[in-house]
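Please read the structure below before turning to the comments.
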Amino acid sequence: RRQRALLWAVLLAAWEAAWGQLRYSVPEEMPKGSFVGDVAKDLGLQLTELRDRGVRIWTEGRTQYFALHGKTGHLVTAERIDREQLCERVQQCVLRCELIVEGQMKVYEIEVEITDINDNAPSFREAETELRMSETTAPGSRFPLPDAHDPDSGRNSLQSYELSGDEHFSLAVQAGPGGDQRPELVLAKALDREEAAFHELVLRASDGGDPARTGTARIRVTVLDANDNAPVFSQAEYTVRVPEDVPVGSTLVTVMATDADDGLNGHVKYSLKKITEKASKIFHLDSETGAITLLRSLDFEEGDSYELEVQARDEGQLFDTAKVAITVTDINDNAPVISVRSALSEISEDAPSGTVVALLHVQDRDSGANGEVRCSLDGDVPFRLQSSHGSYYSVVTARELDREQVSEYNVTVRAADGGSPALQSSAVLALRVLDVNDNAPVKSGYEARVAENLPAGSQVLVVVATDADAGSNGRVSYSFGNVPDSVKALFAIDSESGEIMTSGPLDFEEKSKYIFSLEATDGGGLTDHCEVQIDILDENDNAPEI
């Protein structure tokens, strides 16, 4: 059975690697540099490929929790990871990162589950709690006790409560709506203030670790004279929806409880019975009016709903509780973010259509239509966008490039969301087009007229050929074509400048016209030809003969 489970694990890792996703797990609080997984082995990459193909780990956010060990191909921790800090109130803590192979323009998603260790003991927000009870309180009455909090998960989290100290009281534990345990103090025996005005109790909370961790709170019960009416909220649950841009200081909702008693016994004060540490920094409850106001700005992207439990107590410590549900609605306050994960700076002009020149990641933190992003390219450029994977886009060539027409491109990628008005952002990709030898030298025919008897080395004319290519591909050299030796004996050509000079004596009476072919060749071996005609002018160099 163990071998079969191992085989399934290997097949699962191979299947996930083939589809670009890897999954590992590592306990929290491991030291920096701890082994997470053998990425090179799971992806079938050689160690030389990790160095030659520009493989790197990318994690969204400021903190990089993982790194790739270049020598071993192992994924290791880059920081000490505290599961409770990263995944508060989340049962399964998963961190995600991406392995980018720039040489292959590939992205592999990596999920790492952070498993819990029992590194936190249950704790109470207050070490001591005072309860005030009327001596007429009926046996069997229940009073809420402070909850203990243990940020660990599973068996390592809070498991049980124990009460010790007095025969007048016992402990009951109720299950909350979310399955949490809520301790209650149960009056087991009638109180007599004249017999005992105070009762000292100890509430102990234990987790399920091995060994178990515990935390305690002292409960002091003060016995009062009669108060036989408890406060009653106007409704069991208050629900409110607010936009995330509501001003700081605004009153979101006001809870109200009434008490039929007179005087101090009917005076109600409000408190937050159950609230997360995050919510306690955002909301404030006025203990006298019951108004819940905003302490700092809301952010839909950080939290879209909050649940508070409000308690109303009178002076005799009788109470009622109500639930407050606050829903935060999204507004379009985040522009799309374009991240260039990989890009070419230059491309050959003979690159085939569909060549990938850049890999982009586009994200908008808003939700709904506000977070729906549309991408486009500005201007008439020979490139197009294509969806690659999830929020990734590839910029690819849409047609063949011609360096002789356009040698550089500044491609503007624009992303706009679906908000009203829409927010947008852009990124510019600079791309230089490299030359290939796809143009031959060009020149036309030439004619020249020179006098006979010119000395050797005299210039006859200069030919010029142009080549649209760059660098060595555009460098032109000149030579004679297929011409007889008699022409080469009378004329010479400079291979670099194209200058044609006399190399022997010209005689009009011997020949008055020369026509021959010249050849221009570029650095890539492409050639062009032209025809040169040289007319010899007669001079009076012969005396009459009788």
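Given the convex hull of the Cα atoms of segment 446-537, what is a quarter of its surface area in nm²? Don't skip to the answer; put the middle values down first.
Values: hull surface 22.2 nm².
Reported value for the Cα convex hull: 5.5 nm².
Taking the chain, the Cys residues with no second Cys beta-carbon under 4.7 angstrom are CYS97, CYS375, CYS530. With 0.36 nm allotted per residue and the present C-alpha distance subtracted, the ASN482-GLU499 stretch has 4.3 nm of extension available.
The helix-only estimate of mean residue ellipticity at 222 nm for the chain, built from DSSP H runs of length n ≥ 4 each weighted as -39500 (n - 2.57), is -2000 deg cm²/dmol after division by the residue total. The charge dipole of the chain, taken about its Cα centre with unit charges on the Cβ atoms of Lys, Arg (+1), Asp and Glu (-1) only, comes to about 2200 debye.
Taken along its three principal axes, the alpha carbon spread of segment 300-377 comes to 88, 20, 16 Å, from the longest extent down to the shortest. In the chain, a dipole from Cβ-located charges (positive for Lys and Arg, negative for Asp and Glu) runs towards its positive end, and of VAL337, VAL94, ALA489 it is VAL94 whose Cα lies farthest in that direction. Largest to smallest in accessible area, the residues LEU401, LEU272 fall in the order LEU272, LEU401 (1.4 Å probe, all protein chains included). With all projection directions averaged, the alpha carbon convex hull of the chain covers 42.1 nm². Binning the alpha carbon pair distances of segment 248-303 at 5 angstrom intervals from zero yields the distribution 4, 16, 24, 22, 14, 9, 6, 3, 2, 0, expressed in whole percent.
Where does the longest stretch of the chain lie that holds no trypsin sites (Lys or Arg not before Pro) found in a DSSP loop with 13 or fewer other Cβ atoms within 10 Å?
Values: sites that count: ARG1, LYS32, ARG62, LYS71, ARG80, ARG89, ARG125, LYS189, LYS281, ARG296, ARG399, LYS511.
That gives 400-510 as the longest site-free run.
When the alpha carbon coordinates of segment 119-272 are projected onto the principal axes, the ranges are 48, 46, 23 Å, largest first.
What translational diffusion coefficient, to the nearest whole µm²/s, does segment 337-434 have by Stokes-Einstein, given a Kirkwood radius computed over alpha-carbon pairs, a temperature of 20 °C and 1.002 mPa s viscosity? Diffusion coefficient, whole number: 153 µm²/s. Rounded to the nearest 10 degrees, the angle from helix 2-18 to the longest Cα principal axis of the chain is 50 degrees.
Here, segment 111-198 is characterised by an Rg to Rh ratio of 1.10, where Rg is the alpha-carbon radius of gyration and Rh the Kirkwood radius. Modelled this way, with points 7 Å down the Cα-to-C-beta line, the labels at ARG56 and ASP380 are 3.7 nm from one another. Here the Kirkwood formula puts the hydrodynamic radius of segment 21-115 at 13.6 Å, using every distinct Cα pair. Surface analysis of the chain yields an accessible area of 54 Å² per residue, using protein heavy atoms and a 1.4 Å probe. Rg/Rh for segment 506-546 stands at 1.32; both radii use Cα atoms, and Rh follows the Kirkwood definition. Equivalent ellipsoid of segment 207-294: semi-axes from √(5λ) of the C-alpha gyration tensor, largest first, are 28, 27, 11 Å.
Shape verdict for segment 179-250, please, from the Cα gyration tensor: rounded (a/c under 1.5), prolate (a/b greater than b/c) or oblate. Since a/c reaches 1.5 but b/c is at least a/b, the shape of segment 179-250 is classed as oblate.
The values are calculated or read from the model by the stated rules, or taken from the named source; none is laboratory data. Computed from a predicted structure; not experimentally measured. Every residue, glycine among them, receives a Cβ derived from its backbone with ideal geometry; neighbour counts consider all protein chains shown. Areas reflect the complete protein model, heavy atoms only, side chains present, ligands, DNA and RNA absent. Shrake-Rupley method; radii C 1.70, N 1.55, O 1.52, S 1.80 Å.
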